[in-house]
Amino acid sequence: RRLFRSHEKPHNNVAYECFLYDKTLAILPLSQNFSSAVITIPNEVAGFYKNMPDDELAENISTSFAEQYGKMKVCSERYSYPLVSVYAESFYKENFVLLGDAAVGMHPVTAHGFNFGLRGQNTLANLIKRNLQIGYPAYTQAALQEYNKLHKAATLPFYLTTNQIVKLYTNTSTSARILRKGLLKLSNKVMPIKNHLTSKLTEIAA
């Protein structure tokens, strides 16, 4: 569910994702004091959020965000769509290649889906460029096989890990709450883990 909203305090071009017990909330900066709010919730409560009055929804999100941006105001339509995970058995067949969400459709909780779309494009572009430089057709069976191998190696571990994170963060049991709280603290305080996660989210394709 995505909607655009204005707020009193500036976002300073920083994106946030809040791991709450009943939902995840992403606050993504737009221009000036506007942000996009993305709420991930179970299907059974989607209607509740969809029909909530604008002022109540603004207050709900502001409270969930610990009022870091002050008073919020809904200033666009609401959009709702189901989350569907996709991971193709093969990223290529004769005469076509899968890229972006068609290859790997990620849950937004780890914010890797867009990065993987860019990575896939970059990987394929480099293989095509290499073929052309040595006088081969733009794409060959060998190049497509290599793209498939490289992109699976880059995406499959994170795809599987993300699915486990989603299961953990949609489990409201006491044990799950304790475990995820501990994992968040661990990932934030242990620098090798934190640096690895940061590098994966901000990596620059060669």
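Coordinate-derived values only; no laboratory data. Keep in mind it's a predicted model, so treat the numbers as computed, not measured. So basically every Cβ, Gly included, is an ideal-geometry build from the backbone, and we count neighbours across all protein chains shown.
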Taking the Cα centre as origin and putting +1 on Lys and Arg beta-carbons and -1 on Asp and Glu beta-carbons, what dipole magnitude results for segment 52-137, to the nearest 20 debye?
620
Aspartates and glutamates near residue 185 by alpha-carbon distance under 16 Å, same-chain residues fewer than 8 away left out - which ones?
17
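Can you give the FRET efficiency to the nearest 0.05 for residue 54 and residue 20, using r as the Cβ-Cβ distance and R₀ = 22 Å?
0.60
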Can you give the net charge of the other residues whose Cβ lies under 12 Å from the Cβ of residue 127, counting K and R as +1 and D and E as -1?
+2
With R₀ set to 30 angstrom, the calculated FRET efficiency between the beta-carbons of residue 138 and residue 31, to the nearest 0.05, is 0.20
Could you rank the peptides 77-90, 22-35 by their average count of other C-beta atoms within 10 Å per residue, with the highest value first?
22-35, 77-90
Cα-based Kirkwood hydrodynamic radius, segment 1-135, one decimal, Å:
17.2
Of 9/152; 71/181; 23/73; 23/71; 9/181, those spanning more than 31 Å from alpha-carbon to alpha-carbon
9/152
